[in-house]
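J.: Encoded as structure tokens, here's the structure I'll be asking about.
The values are calculated or read from the model by the stated rules, or taken from the named source; none is laboratory data. Because the structure is predicted, anything quoted here is derived from the model rather than measured. Cβ placement follows ideal geometry from the backbone for every residue including glycine, while neighbour counts extend to all protein chains displayed.
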Amino acid sequence: MKRLTVPDILARKGDTPLVVLTAYTAPMARILDPLVDILLVGDSLGMVVYGMESTLGVSVEMMARHGRAVAKEAKHALTVVDLPFGSYQESPAQAFATAARIMNETGCQAVKLEGGIEMSDTINFLVERGVPVMGHVGLMPQRVHAMGGYKYQGRNEEGAENILRDAQSVQDAGAFSIVMEGVKESVARDITSKLRVPTIGIGASPACDGQVLVIDDMLGMGGYIPSFVKSYAHISQVIEQAVKTYGEEVKNRTFPSAEYCFPYKKK
Ligand code: KIV
């Protein structure tokens, strides 16, 4: 299977929708890699893997460690790693230093950062120096406190125009695709039709050029599930059942049975 490149992703604009999922670990990346177009090592790992209340406490070290685990397993999907809060907003130079470190240490093909028109100089600085950038507009989780919560964005005409302006400036700065989070269908449709680069929606309707979900949410791993997420499985129930059975077998000494004792006689 051929590895997808940044130009391949760009060429999918208006074509078959892009399939994107987050991944944070090597075993999950191995399963997802042949099935998706993009593996996103999102800073959502702070909440999903580390149990944080928001993504704000995620460090560059965490992103580098998980990014490396995922990129090492990705033979087909394009691997994109999030730049965490505080590691790129100060200046284009700070953003380049962080992005270069993430790309060096992980082997990923691109980075993602949140922001609109105010981040366009930074995006342009990165892109001109060879760092492919995925943008992220609309609901930006790193701004949860400034936004007063995880709220749908672009609810009125002015809000919708601001998101369009943000998306256009991120595109014009050189981003190769843009995550659009938490916007209604009419806004997503309008922006998608006006951009040359693919939009990747999350809570943003099917009007986008692709969709992304947090893997643990769509697998039903438990915990809070946002209302725009469809659970395609209930893995937490499978785990609970397996662990209950294991516990019972340990207590009644039916595990380990003869085939799991040395010398092994597995069939
Ligand atoms: O951090 C993340 O996982 C993300 C996606 C949900 C878009 O930004």
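J.: Which condition does SER169 not pass, out of (1) out of contact with any helix residue (DSSP H, G or I) (no Cβ under 6 Å at 6 or more places or on another chain); (2) among the polar types (S, T, N, Q); (3) more than 16 Å from the ligand (Cβ to nearest atom), if it passes all the others?
T.: Here SER169 meets the rest and fails (1).
J.: Do we have THR192 as buried (at least 22 other Cβ atoms within 10 Å of the Cβ), in contact with a helix residue (DSSP H, G or I) (Cβ under 6 Å, 6 or more places away or on another chain) and among the β-branched types (Val, Ile, Thr) here?
T.: no
J.: Shifting gears a bit: Within region 10-22, which residues are touching a Gly at 6+ places or on another chain (Cβ under 9 Å), hydrophobic (A, V, I, L, M, F, W, C) and either in a loop (DSSP other than H, G, I, E, B) or away from the ligand (no atom under 13 Å from the Cβ) (or both)?
T.: Matches in region 10-22: VAL19 only.
J.: Criterion first (assigned to a loop (DSSP other than H, G, I, E, B) and either at pLDDT 95 or above or within 16 Å of the ligand (Cβ to nearest atom) (or both)) does GLY130 satisfy it?
T.: Taking the combined requirement at face value, the residue satisfies it.
J.: Right, something else. Just one of the numbered conditions (1) crowded, with 20+ Cβ neighbours inside 10 Å; (2) among the aliphatic types (A, V, I, L, M); (3) part of a helix (DSSP H, G or I); (4) without any contact (Cβ under 8 Å) to a residue 40 or more places away in the chain is not true of ALA97; which one?
T.: (1)
J.: Let me ask another. Name the single residue, out of those in region 117-146 being surrounded by fewer than 21 Cβ atoms within 10 Å (Cβ to Cβ) and among the small types (Gly, Ala, Ser), that is farthest from MET180 (Cα to Cα).
T.: Residue satisfying both the conditions and the ranking: GLY130.
J.: Next question. If you take the residues in region 24-47 that are in a loop (DSSP other than H, G, I, E, B) and within 10 Å of the ligand (Cβ to nearest atom), which one is nearest to THR192 (Cα to Cα)?
T.: GLY42
J.: Can you give me the number of residues within region 100-124 that are part of a helix (DSSP H, G or I) and touching an Asp or Glu at 6+ places or on another chain (Cβ under 8 Å)?
T.: Summing the residues that are part of a helix (DSSP H, G or I) and touching an Asp or Glu at 6+ places or on another chain (Cβ under 8 Å) in region 100-124 gives 2.
J.: Could you check, for region 73-83, whether at least one of its residues is surrounded by fewer than 21 Cβ atoms within 10 Å (Cβ to Cβ), away from the ligand (no atom under 11 Å from the Cβ) and of a type in the set (A, V, I, L, M)?
T.: no
J.: Now for a separate question. Within region 169-209, which residues are farther than 20 Å from ARG155 by Cβ and touching a Gly at 6+ places or on another chain (Cβ under 7 Å)?
T.: The answer is SER169, VAL170, ALA175, PRO198, ILE200, ASP209.
J.: Condition first: surrounded by 22 or more Cβ atoms within 10 Å (Cβ to Cβ) and assigned to a helix (DSSP H, G or I). Now tell me which residues in region 152-170 satisfy that.
T.: ILE163, ASP166, ALA167, VAL170, listed by residue number.
J.: Can you name the condition, by its number, that CYS208 falls short on among (1) part of a loop (DSSP other than H, G, I, E, B); (2) away from the ligand (no atom under 14 Å from the Cβ); (3) of a type in the set (A, V, I, L, M, F, W, C)?
T.: Among (1) part of a loop (DSSP other than H, G, I, E, B); (2) away from the ligand (no atom under 14 Å from the Cβ); (3) of a type in the set (A, V, I, L, M, F, W, C), CYS208 violates only (2).
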